[in-house]
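Provided herewith is a single structure, encoded as structure tokens, for subsequent inquiry.
The values are calculated or read from the model by the stated rules, or taken from the named source; none is laboratory data. Being a predicted model, the structure only gives us computed values, none of them experimental. Areas reflect the complete protein model, heavy atoms only, side chains present, ligands, DNA and RNA absent. Shrake-Rupley method; radii C 1.70, N 1.55, O 1.52, S 1.80 Å.
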Amino acid sequence: MKLVSWNVNGIRASVKKGFEDVVSSFNADVFCIQETKAQDDQVAEALSGIEDYHLYTNSADKKGYSGTGILSKQDPISFGSNMGIADHDMEGRISHAEYPDFYLVNVYVPNSGNGLKRLDYRSGWDTDFTEYLQNLSKKKPLIITGDFNVAHTENDLANPKSNYNKTAGFTQVEIDGFDHMLKTLNLVDSFRALHPDTFDKYTFWSMRGGARSRNVGWRIDYFLVSESLWSKVTSAEIHDQVMGSDHCPISLEIAL
């Protein structure tokens, strides 16, 4: 089973930049998207040209903001969205699908913002998200993917020293929240586990200053896998050659 995840930075813009061709070239069983920046009906319209996939979406109350979606060749056993907390659920940040062997959770974690103005909210969100995942994990193992808006260690961004505790995505509060989730749920960071010595592969680059051409990036998009499923994972890759967003796609292959 092949799974792909991509923060598309606006699905309608992404379609104009060749999103359908990217989906076709990956030929994944499941393709998760984040930051659709569109309502459910707008996402469906934008992706109407994609065949052979069932589409499940969760949009924010605020138009043109956030939003997640799952394209799945196989009709999942069930689809769900949100964690049941109104303050969080209004932003459309979670979509999850149940398959025979696992729950797939697609997430767009809140950014702590310029000046870290949302860091307190983000910290609470991390705690609530971990609890939500704990409840799901009581039923089946988890595969969690998406844009987590945190570089886990100094090996996961090009400039750790200048960003530590100054820039959203690399504060100790965010790192601790991510660590807590990994340890509480016994999750494996698939790319790092399979590529322990690869430190120049990133998934996000600022639009400013030619960051992508210079590979001044961040690894903030992940496939996290329950330890009980880990032995079945055969591949985890970062596809930084794929353009069309300020993020690039990531993939996971698992033999079930």
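Keeping all protein chains in position, work out how much accessible area Asp40 exposes to a 1.4 Å probe, and write it in Å² to the nearest 10.
About 60 Å², ignoring ligands and nucleic acids.
Right, next: Of the listed pairs Lys2/Lys63; Lys139/Lys183; Lys117/Lys201, which have alpha-carbon separations greater than 21 Å here?
Lys2/Lys63; Lys117/Lys201
Convex hull over the alpha-carbon atoms of the chain: what's its volume per residue in Å³?
119 Å³
Using a 1.4 angstrom probe on the protein heavy atoms only, line up Ser24, Ser245 by accessible area, largest first.
Ser24, Ser245
Could you work out the pair-distance distribution P(r) of segment 170-256 from its alpha-carbon pairs, with 10 angstrom bin width and percents rounded to whole numbers?
Over segment 170-256, the share of Cα pairs per 10 Å bin runs 16, 42, 34, 9, 0 percent.
Over the Cα atoms, compute the radius of gyration (one decimal) and Dmax (the largest Cα-Cα distance, rounded to a whole number) for segment 125-167, in Å.
Rg, Dmax (Cα atoms, Å): 14.3, 42.
Just the number please: accessible area per residue for the chain, 1.4 Å probe, all protein chains included, in Å².
About 43 Å² of surface per residue is accessible.
If Met83, Met90, Met243 are ordered by their accessible area, calculated over protein heavy atoms with a 1.4 Å probe, which sequence runs from highest to lowest?
Final ranking, largest accessible area leading: Met243, Met90, Met83.
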